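K.L.:
Quick one: the structure is below, and I'll ask about it shortly.
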Amino acid sequence: MKSGVIVFASLVASGALAFVSGFAPAQTYPSKPIRLIVPFPPGGGTDVTARILAQALFDGPGWQVVVENRPGATGRIGTEFAAKAPPDGYTLLLGTAGPNAILPGAYSKLPYDAVRDFAPISLIDSAAYALVMHPSLPVRSVKDLIVIARNRPGQITFASAGNLSVGHLAGEFFKQFAKVDITHVAYKGGGPAVIATVSGETALYFGGPSVVQQAKAGRLRAVATTGAKRSKVFPDLPTIAETLPGYEIAQWVGVLAPAATPRELVLNLHATIVKAVGTAKVTQQFADVGSERIGNSPDEFAAHIKTEIAKWGKVIKGSNVPLE
């Protein structure tokens, strides 16, 4: 009897520890749907990546992942929500360069700390942006755009997903490199910005995966890409750097959990996610929308975020980008 009591007490203690940690054993996780927070509206590039990832996790391990869009304040609202969620693996964030590196590099005070408040899991993909425009604009190349912009200072508009978004900075950098005056128009997310450019409400857009199909369908005209090398999606398009040496912009997307998420769960999530997006099918899905699939370790992702924050901070301070 005495040994039985000891065993029972041991089991109770183990159960209590599991309860306190907030993490059930790996074989029982997940026991309910996982929320994947996207801090931007539906239809934009981050949303596209989120839905590819959610489907991959269903097709692979059979996890149910619900994509939850929480847009606003250039990604601050959804990012803050994820940072303050219970660290139990059931609320994850699809982080991007904007709210997880650019905003921390620009502001000393945010409603979240991009380093301390998150447990990075893995990068998912990276993509150069494409410079696209409404077909009515008589531009076929970067050189054409520079000429027309210099002849019409301040009259050509470019849309973005919001102030200090990657697309906004891509346009600001273009202004500096090309020495032109084009006017920024901020929208609440990439989806609305794409719609505005397709409709002709704005003339230009520096966009990620969400613009690929629009360009291929002829609703937008793509003239260049923003990466250091030519895109596999638009192999015939030159990079902006071929006309303006030194110009380079890329977007990245990765999965993060709240900071106190147990390390065992972070590693479980990492292994499962990397495997799910590593299939030929998912790799092709990313390629179809202009992204290159990337997987790295949680520690490598954490180091990447710190490097990005430092880089964007220097860039913003030296470029006179208007802060809110």
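The values are calculated or read from the model by the stated rules, or taken from the named source; none is laboratory data. Values in this document were obtained by computation on a predicted structure and should not be read as measured data. Here the Cβ is made from the backbone with ideal geometry for all residues, glycine too, and neighbour counts use every protein chain on show. Side chains are part of the model used for accessible areas, which takes the heavy atoms of the whole protein and leaves out ligands, DNA and RNA. Shrake-Rupley method; radii C 1.70, N 1.55, O 1.52, S 1.80 Å.
K.L.:
Only one of Leu244, Leu237, Leu220 is in contact with a His (Cβ under 9 Å, 6 or more places away or on another chain) and closer than 20 Å to Val142 by Cβ. Can you tell me which?
P.N.:
Leu220
K.L.:
Within the stretch 86-121, which residues are of a type in the set (Gly, Ala, Ser) and surrounded by 17 or more Cβ atoms within 10 Å (Cβ to Cβ)?
P.N.:
Gly89, Gly95, Ala97, Gly98, Ala101, Gly105, Ala106, Ala114, Ala119
Here is a yes/no grid of residues against (1) of a type in the set (Val, Ile, Thr); (2) in a loop (DSSP other than H, G, I, E, B); (3) modelled with pLDDT under 90:
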residue	(1), (2), (3)
Ala13	no, no, yes
Phe19	no, no, yes
Pro30	no, yes, no
Pro41	no, yes, yes
Asp47	no, no, no
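K.L.:
With assigned to a strand (DSSP E or B) and on the phi < 0 side of the Ramachandran plot as the only criterion, which of Leu145, Leu131 stands out?
P.N.:
Leu131
K.L.:
In the stretch 168-190, which residues are open to solvent by less than 60 Å² (accessible area, probe 1.4 Å) and either of a type in the set (S, T, N, Q) or free of Cβ contacts under 8 Å to residues at least 24 places away in the same chain (or both)?
P.N.:
Lys175, Thr183
K.L.:
Also, I was wondering about something else. So the check is Cβ under 9 Å with 6+ separation or different chains; which pairs have a first residue in the stretch 133-153 that's buried (at least 18 other Cβ atoms within 10 Å of the Cβ) and a second one that's part of a helix (DSSP H, G or I) and among the basic types (Lys, Arg)?
P.N.:
Final answer for the pair search is Ala149/Lys175.
K.L.:
Taking the condition of being modelled with pLDDT under 95 and not in a helix (DSSP H, G or I), how many residues in the stretch 186-205 meet it?
P.N.:
So the count comes out to 4.
K.L.:
Another question about this same structure. For the condition touching an Asp or Glu at 6+ places or on another chain (Cβ under 8 Å), among the aliphatic types (A, V, I, L, M), surrounded by fewer than 24 Cβ atoms within 10 Å (Cβ to Cβ) and in contact (Cβ under 8 Å) with a residue 12 or more places away in the chain, what is the one hit in Ala215, Ala228?
P.N.:
Ala228
K.L.:
Another one. Cβ contacts < 7 Å: first residue open to solvent by 70 Å² or more (accessible area, probe 1.4 Å), restricted to the stretch 307-323; second residue modelled with pLDDT of 85 or more and among the aliphatic types (A, V, I, L, M), any location; separation 6+ or different chain. Result?
P.N.:
Going by the 7 Å Cβ cut-off, the qualifying pairs are Leu323/Ala106.
K.L.:
Can you confirm whether Ala217 is among the aliphatic types (A, V, I, L, M) and farther than 23 Å from Lys179 by Cβ?
P.N.:
Here the answer is yes, as Ala217 does meet what is asked.
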